[in-house]
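Presented below is the structure to which this report refers.
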Amino acid sequence: MNMNKTVIEELVKKVLLEMNESKSEKYNKDIYSNGIFDEMDDAIEAAFIGQKKLVECSMKRRSEFVVAIKKALGKESNINMISKLGVEETGMGKFDDKIIKNRLAVEKTPGIEDLVTEAMSGDDGLTLVELSPYGVIGAITPTTNPSETIICNTIGMIAAGNSVVFSPHPRARKTSLTTIGIINGALKKVGAPENLVVMVKEPSIEKAEIMMNHEKIRLLVATGGPGVVKSVLSTGKKAIGAGAGNPPAVVDETANIEKAAKDIIDGCSFDNNLPCIAEKEVIAVDSIADYLILNMKRNGGYELTDKAKINELRSLVINDKGKPVTSFVGKSANYILEKIGMDVKEEVKAIIFEAERSDLFVVEELMMPILPVVRVDNVDEAIELAVKVENGNRHTAIMHSKNVDKLTEMAKKIQTTIFVKNGPSYAGIGVGGEGYTTFTIAGPTGEGLTSAKTFARKRRCVLVGGLDIK
Ligand code: NAD
């Protein structure tokens, strides 16, 4: 899996060098063909022109553009490069899991086939509801899935006929530049219009604000924490908000406990718990809690039982405001254990311990492979607590149970966008579960798992008095 470090460094150097060479001439052709700009206004202007050209292309051509992007990003060397960059630049996550996530984004994000026309016909004729582009989309992307989000957004947005201006997290700048560089290289090769996918060379919150308020941006898509979702929703523009989660995993006495334990540890430790869908706390019915913990330990969980150590961990990774300490987000369990003076030789997937229901470890989204387990008397109490700690995010929840009534009850009560039954959380985004993938899960604004059709406007086209052949 490991790619030679110097090969990656050379490739990154090449991308950055190309950009620096064209620094002096704002409108020089190289910048345009790379889709990287100094100023946000110029990036948006170029994407505006690009989108006008895109809508003149046939659907067959649009499909070719998507295929070209997928082919280029799917190349092993490219997947390895962006995965490695993602880990190195952000200091978060695991290389092998980033590869899985990037590959997933490339392979399971739908293209133009997602744009299905609705038709109504009758005595008065034929009416079609078509999915048309918005125009230029402004997309804000996170540190936790930097390249993955750009890949899913790009494929869906271009398939729907839009161009996109990305505003990535400044801490994922290089990863984002490189991903966009690969995408634009692929688009250029197949003769696509220029500047369908653009970003500024030095992303910042200030530049994101320019983008959010620019008149030529017709739709905003924010993937990140509550702050950025609130920002895009305050602009007065149409906005899609994919915000924070705090997914609980409930286990009742009817579940296959051995499997539930493995699924929970696997889901929680995937990319060191960075995915917003990953298990963040376990709520277990008392009668099976001991056996569940035993099996979690058999599957890579490391149990802390010493209260002083748990307190030490709390003050290390949670700050005075009750929020995660950024330098521990996406770090490995072994790294975190070492920082509390635990010299654990074997590879640990997740740190587990029993916790009270109001513990910050339970109620806050930390994005670390730390899994508190809360004991409850029965499944009804478990469901009630899960609803509470999910905190109205409407994001993701997991339940391990064979009781169909209780599975149904929890799904109804918790109202999350993703509800995984008897599997790891990542089954909800298409890893070992049916369905397409996305890394932009829009709970707050209700679009759900975004795809090309999410990035399209519904338009009705009415033909009066004809073409009904029933
Ligand atoms: P973050 O909120 O710190 O940053 C996300 C993006 O928003 C970055 O590009 C950042 O520069 C930008 N941003 C932040 N505040 C802004 C503001 N006021 N104005 C304009 N732009 C602003 O999030 P992060 O730490 O990079 O990512 C982790 C968070 O994102 C977690 O809460 C996670 O649950 C969430 N997330 C959600 C989804 C989803 O699909 N729902 C996917 C990935 C991550």
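The values are calculated or read from the model by the stated rules, or taken from the named source; none is laboratory data. Just so we're clear, the structure is a prediction, and the values are computed from it rather than from any experiment. Counting neighbours? That spans all protein chains shown, and the Cβs are built from the backbone with ideal geometry, glycine included. When the accessible area is computed, the model is the full protein with side chains, heavy atoms only, and any ligands, DNA or RNA have been set aside. Shrake-Rupley method; radii C 1.70, N 1.55, O 1.52, S 1.80 Å.
Taking the Kirkwood radius as Rh and the Cα radius of gyration as Rg, the chain has a ratio of Rg/Rh equal to 1.00.
With the biggest extent put first, the Cα atoms of the stretch 136-199 measure 32, 20, 15 Å across the principal axes. Helix 95-108 and the long axis of the chain differ in direction by around 50°, with both axes built from C-alpha atoms.
Per residue, the convex hull spanned by the alpha carbons of the stretch 336-470 comes to 197 Å³.
The slack in the chain from Asp38 to Leu128, taken as 0.36 nm per residue of separation less the alpha-carbon distance, amounts to 28.2 nm. Inter-part distance, the stretch 227-276 to the stretch 425-467, computed on C-alpha centroids, equals 19 Å. Its Cα centre serving as origin, the chain has a Cβ charge dipole (Lys and Arg +1, Asp and Glu -1) of approximately 1280 debye.
Measuring with a 1.4 angstrom probe and ignoring ligands and nucleic acids, Cys461 comes out at about 80 Å² accessible. Label-to-label distance for Asn213 and Arg357 is 4.5 nm, based on points extended 7 Å past Cα in the beta-carbon direction. Normalised radius of gyration (Cα atoms, divided by 2.2 N^0.38 Å) for the stretch 364-420: 1.12. With a threshold of 22 Å on the Cα-Cα distance, the over-threshold entries among Lys71/Lys98; Lys71/Lys94; Lys98/Lys237; Lys98/Lys216; Lys70/Lys280; Lys94/Lys413 are Lys71/Lys94; Lys98/Lys237; Lys98/Lys216; Lys70/Lys280; Lys94/Lys413.
Over the stretch 266-389, how many percent of alpha carbon pairs lie in each 10 Å bin up to the one with the longest distance? All Cα pairs considered, the percentages come to 13, 48, 34, 5. In terms of the mean number of neighbouring beta-carbon atoms within 10 Å, the peptides 438-444, 223-229, 180-186 order highest first as 438-444, 180-186, 223-229. Taking only Cα atoms, what is the 0 to 90° angle, nearest 10, from helix 379-390's long axis to the longest principal axis of the chain? Approximately 50 degrees, to the nearest ten. Note on the stretch 162-219: Cα Rg divided by 2.2 N^0.38 Å, N the number of residues, gives 1.17.
Ranking Arg171, Arg314, Arg218 by solvent-accessible area of protein heavy atoms (1.4 Å probe, all protein chains present), from largest to smallest, gives Arg218, Arg171, Arg314. Highest mean first, the peptides 120-126, 323-329, 37-43 sorted by other C-beta atoms within 10 Å per residue fall in the order 37-43, 323-329, 120-126.
Strictly over 28 Å apart at the Cα level, which of Lys52/Lys453; Lys53/Lys189; Lys238/Lys321; Lys345/Lys388; Lys321/Lys388; Lys75/Lys238 would you flag in this model? Check vs 28 Å cut-off fails for Lys238/Lys321; Lys345/Lys388; Lys75/Lys238.
Annotation for the stretch 126-148 versus the stretch 290-316: alpha-carbon center distance of 41 Å. Just the protein heavy atoms count here, and of the accessible area of the stretch 113-250 at 1.4 Å, carbon and sulfur take up 52 percent. Once you divide the Cα radius of gyration of the stretch 412-456 by 2.2 N^0.38 Å, the number left is 1.18.
Rg over Rh for the stretch 201-342 works out to 1.09, using Cα positions for both radii and the Kirkwood form for Rh. The C-alpha atoms of the chain define a longest principal axis, and helix 40-54 lies at about 70 degrees to it.
Packing around the peptides 365-375, 346-356, 422-432, taken as the average count of other Cβ atoms within 10 Å per residue, puts them in this order, highest first: 365-375, 422-432, 346-356. For a modelled paramagnetic label at Val67, 7 Å from Cα along Cα-to-Cβ, the residues of the stretch 130-164 in reach, with backbone nitrogen under 20 Å, are 152, 154-162.
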